[in-house]
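These notes are about the structure you will find just below.
The values are calculated or read from the model by the stated rules, or taken from the named source; none is laboratory data. The model shown is predicted, which means the values in this text are computed figures rather than measured ones. Counting neighbours? That spans all protein chains shown, and the Cβs are built from the backbone with ideal geometry, glycine included.
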Amino acid sequence: MLYRETGQFKPTYQADQAIFPIAQDRWFITAVLAVAFLVVPLLIDDYWANAIFLPFLAYALAAIGLNILTGYCGQVSLGTGGFMAVGAFSAFKLMTAFPDLNFIIVVILAGGVTALVGVLFGLPSLRIKGFYLAVATLAAQFFLVWLFNKVGWFINYNATGQVTAPPVEFFGVLIIGPEATPPARYLFCLAFVAVFALAAKNIVRGRIGRSWMAIRDMDIAAELIGIRPLEAKLSAFAVSSFYVGMAGALYFAVWLGAAEPGEAFGIEQSFFVLFIIIVGGLGSILGSFLGAAFMVLMPILLKNFMVNGIGVEVVTAKHVEITTMGILIVFFLIVEPHGLARLWQITKEKLRLWPFPH
Amino acid sequence: MHENKPIGDVMLSVDNISLSFGGVHALENISFNIREHEIRAIIGPNGAGKSSMLNVINGFYHPQEGTITYKGQTRKQMKPHEAARTGIARTFQNIALFKGMSTLDNIMTGRNTMMKKGVFWQALHLGPALNEELEHREFVENIIDFLEIEHIRKTPVGRLPYGLQKRVELGRALAAQPELLLLDEPMAGMNLEEKEDMCRFILDVNDEFGTTIALIEHDMGVVMDISDRVVVLDYGKKIGDGTPDEVRANQDVIDAYLGVSH
Ligand SMILES: Nc1ncnc2c1ncn2[C@@H]1O[C@H](COP(=O)(O)OP(=O)(O)OP(=O)(O)O)[C@@H](O)[C@H]1O
Ligand SMILES: [Mg+2]
């Protein structure tokens, strides 16, 4: 009797249109947000911030971006790392050129630059699909990393080949730099990601989201009902890259603080984010969070359990981790392409019927 | 039939259309027209070129010869999304729904071209974007009521049985408020009851909204019952054109089609 749709009469379409039409969902999400905003900041220290919460938030935002393109619009991309790099280096250039610019503006502008680059690399999608598009985005990945390595202007001609984010204050509170406290860094990212996750949810359930899904499910039929493939695909590349670029900016500036293009934004990043959306659920904003949490936590838990718990060698533990990851990816691809988000939904549907399963 | 909207002028005319794929002549020198508010059936044996004809009309296939005059404008060809924007909607022989989306979302896509609010308002889901969404939602809910599919509103269409999918596809086409509705075998694979429902919907659409309908159908009983005029194709050629009674009496048609399979 706890989780019910029945008995909650929705008098208007407006109420039905609400983001969480079921009251229990609203309580649940309110509770999660309350813990995230009020409890976690009290407990968070450097280890928790750097090992878990900041990567979780940055990757969740990147995963939302990739999910928009791949999960909602059906266009495979292996260029996520490269697009994150575009966001990171745009943020770096903006931060060093305009030190007084509000950091929110910096991140949004970095997203904007990435959106433009994304549209450019999205052009081939008008002609090619699937595997061939994946290869084209892979080319974007390598080209972009090569570019940032090669052209000194992007790293302000720093001899070490690295970029370091200068300290940034946000309304008087330090959020970037060695002196920034874990709660400040965490809360900034959390607020940012929460707001933009909500925006993404709204976009995917409106006209634009429907045109993406229509292209994904059957592009010919979509065109026959008046959806322009050009507009739908390029808008998906733009919005997706906007998110991935913002994620790259947070990833570099708030989480890492310093980065070297090849290492921080390599092809592994592209795959990591792709795995997040496969595990979390293709075509789900919630899934992007579940997947990011899973992919960030799983290696840490596994390592803690194996190395500290049962005394396995670190190298062996790493192998087990990679193997587990591979098995899980295959499992989700074959058995449940809608990932953890779908498993969560099934659990809810079961709860809804409980205790009368029939 | 047609109590509200009498049959009017010619709305669409195809003239001397020829279409071939390599050596296959799918359509050879076909001419006919469709009048406002009428139900026009296109019949013929398998492979006669019926679906190809609809594909030519809504711009999916580009004929090598001939012209299409729609609402006074003559073209050699057009793009599918242009056809959609000028009031032509259709359903497909092999259902072409968006499988991963709910019934509601599928039908809502039919109104996409009428929705204008940009990504910024959409992201906020407030003000103009919300009003727009609700306004179109209301229209779509009326279609859902009309087609009696309230109970599957939120179900992903991939999970629906065939008959219901056909109904949702009709709903998506209706959502665009088409002036010309092209239906490719809307009753194929349905049982008698489902067929009767579908016939009723088609007649109601034609009658209440005055929508012009071009319909491909193999069930002769249905065709003779609901259509105003019939075109008969065989091996890409037109062999008959007229009222159901005229077509039924046409010797070529009897030989090529009615005589063979019925
Ligand atoms: N895209 C295509 N490529 C090649 N040949 C095609 C194509 N579309 C149709 N044809 C050919 O054109 C001819 C007419 O096909 P069409 O689908 O229009 O027939 P139909 O009258 O709709 O038949 P059915 O009753 O089986 O649906 C057939 O010989 C078919 O093989
Ligand atoms: Mg056909």
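Determine if the stretch B:205-224 includes at least one residue that is charged (D, E, K, R), free of Cβ contacts under 8 Å to residues at least 60 places away in the same chain and away from ligand 2 (no atom under 16 Å from the Cβ). There is no residue in the stretch B:205-224 that is charged (D, E, K, R), free of Cβ contacts under 8 Å to residues at least 60 places away in the same chain and away from ligand 2 (no atom under 16 Å from the Cβ). For the stretch B:149-184, the candidate set comprises residues that are among the charged types (D, E, K, R) and closer than 21 Å to B:ILE39 by Cβ; within that set, the residue that is nearest to the other protein chains (Cβ to nearest Cβ) is B:ARG172.
Name every residue in the stretch A:189-206 that is assigned to a helix (DSSP H, G or I) and within 9 Å of chain B (Cβ to nearest Cβ), in order of residue number.
Filtering the stretch A:189-206 for residues assigned to a helix (DSSP H, G or I) gives A:189-204.
Scanning the stretch A:189-206 gives A:PHE196, A:LEU198, A:ALA199, A:ALA200, A:LYS201, A:ASN202, A:ILE203.
Annotation note: of A:GLY152, A:GLY245, the sole residue that is of a type outside the set (Lys, Arg) and buried (at least 17 other Cβ atoms within 10 Å of the Cβ) is A:GLY245. B:GLU196 - would you say it is in contact (Cβ under 8 Å) with a residue 12 or more places away in the chain and either charged (D, E, K, R) or crowded, with 23+ Cβ neighbours inside 10 Å (or both)? No, not satisfied.
Quick check on B:GLU169: is it within 12 Å of the chain's Cα centre (by Cα), within 16 Å of ligand 2 (Cβ to nearest atom) and outside the structural domain of B:LEU54 (by TED's automatic domain parsing)?
Details: within 12 Å of the chain's Cα centre (by Cα): yes; within 16 Å of ligand 2 (Cβ to nearest atom): yes; outside the structural domain of B:LEU54 (by TED's automatic domain parsing): yes.
Taking the combined requirement at face value, the residue satisfies it.
In summary, helices (runs of 4 or more DSSP H) completely within the stretch A:253-331 and bearing 1 or more residues that are in contact with a Gly (Cβ under 8 Å, 6 or more places away or on another chain) and farther than 30 Å from A:ASN158 by Cβ occur at A:267-280, A:285-303. Residues of the stretch B:214-257 being within 28 Å of B:ALA89 (Cα to Cα) and in a loop (DSSP other than H, G, I, E, B), which ones? Result: B:GLU217, B:HIS218, B:ASP219, B:SER227, B:ASP228, B:TYR235, B:GLY236, B:THR243. Residues in the stretch B:226-246 that are more than 16 Å from ligand 1 (Cβ to nearest atom) and either touching a helix residue (DSSP H, G or I) at 6+ places or on another chain (Cβ under 7 Å) or without any contact (Cβ under 8 Å) to a residue 24 or more places away in the chain (or both): 7 in all.
Checking B:PHE98, B:PHE92 one by one, the residue that is within 15 Å of the chain's Cα centre (by Cα), at pLDDT 90 or above and farther than 17 Å from B:THR212 by Cβ is B:PHE92 and no other.
Return yes when A:ALA60 is hydrophobic (A, V, I, L, M, F, W, C) and under 28 Å from A:GLY206 (Cα atoms) and no when it is not.
Values: hydrophobic (A, V, I, L, M, F, W, C): yes; under 28 Å from A:GLY206 (Cα atoms): yes.
The answer is yes for A:ALA60.
If you go through the stretch B:101-124, how many residues are of a type outside the set (Phe, Trp, Tyr) and free of Cβ contacts under 8 Å to residues at least 12 places away in the same chain?
7
Selection of the stretch A:207-226 for residues being crowded, with 23+ Cβ neighbours inside 10 Å and not in a helix (DSSP H, G or I) yields A:ILE225, A:GLY226.
Residues in the stretch B:86-127 that are farther than 24 Å from A:PHE242 by Cβ, more than 7 Å from chain A (Cβ to nearest Cβ) and basic (Lys, Arg): 1 in all. Against the conditions (1) on the phi > 0 side of the Ramachandran plot; (2) touching a residue at least 12 places away in the same chain (Cβ under 8 Å), B:GLY127 satisfies every one except (2).
Is the stretch B:59-79 home to any residue that is away from every other protein chain (no Cβ under 11 Å) and assigned to a helix (DSSP H, G or I)? Among the residues of the stretch B:59-79, not one is away from every other protein chain (no Cβ under 11 Å) and assigned to a helix (DSSP H, G or I), which makes the answer no. Of all residues in the stretch B:182-197, those that are among the charged types (D, E, K, R) and within 16 Å of ligand 2 (Cβ to nearest atom) total 2. Pairs are defined by a Cβ separation below 8 Å, a sequence spacing of at least 6 or placement on different chains, a first member in the stretch B:132-143 that is more than 10 Å from every other protein chain (Cβ to nearest Cβ), and a second member that is of a type in the set (A, V, I, L, M, F, W, C); the pairs so defined are B:PHE139/B:ALA175; B:ILE143/B:ILE107; B:ILE143/B:LEU174; B:ILE143/B:ALA175.
Residues that are of a type in the set (Gly, Ala, Ser), at pLDDT below 85 and over 23 Å from B:LEU19 (Cβ atoms) within the stretch B:234-262 comprise B:GLY259, B:SER261, listed in sequence order. Yes or no: the stretch B:4-22 includes at least one residue that is of a type in the set (D, E, K, R) and within 16 Å of ligand 2 (Cβ to nearest atom). Within the stretch B:4-22, not a single residue is of a type in the set (D, E, K, R) and within 16 Å of ligand 2 (Cβ to nearest atom).
Here is a yes/no grid of residues against (1) in contact with an Asp or Glu (Cβ under 8 Å, 6 or more places away or on another chain); (2) within 15 Å of B:ILE213 (Cα to Cα); (3) among the basic types (Lys, Arg); (4) within 16 Å of ligand 1 (Cβ to nearest atom):
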| residue | (1), (2), (3), (4) |
| --- | --- |
| B:PRO6 | no, yes, no, no |
| B:MET11 | yes, yes, no, no |
| B:ASN16 | yes, no, no, no |
| B:GLY22 | no, no, no, yes |
| B:ALA26 | no, no, no, yes |
| B:ILE43 | yes, yes, no, yes |
| B:SER51 | yes, yes, no, yes |
| B:GLY59 | yes, no, no, yes |
| B:GLY72 | no, no, no, no |
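Before we move on, is B:LEU164 without any contact (Cβ under 8 Å) to a residue 12 or more places away in the chain and farther than 23 Å from A:GLY226 by Cβ? Considered against the rule, which asks whether it is without any contact (Cβ under 8 Å) to a residue 12 or more places away in the chain and farther than 23 Å from A:GLY226 by Cβ, B:LEU164 comes out as no. When the residues of the stretch B:38-52 are filtered to those that are farther than 16 Å from B:ARG229 by Cα and near ligand 2 (Cβ under 9 Å from one of its atoms), the one that is surrounded by the fewest Cβ atoms within 10 Å (Cβ to Cβ) is B:ASN46. Would you say A:GLU263 is within 30 Å of A:ALA165 (Cβ to Cβ), over 13 Å from the mean Cα position of the chain (by Cα) and free of Cβ contacts under 8 Å to residues at least 12 places away in the same chain? Judged against the criteria, A:GLU263 is a match.
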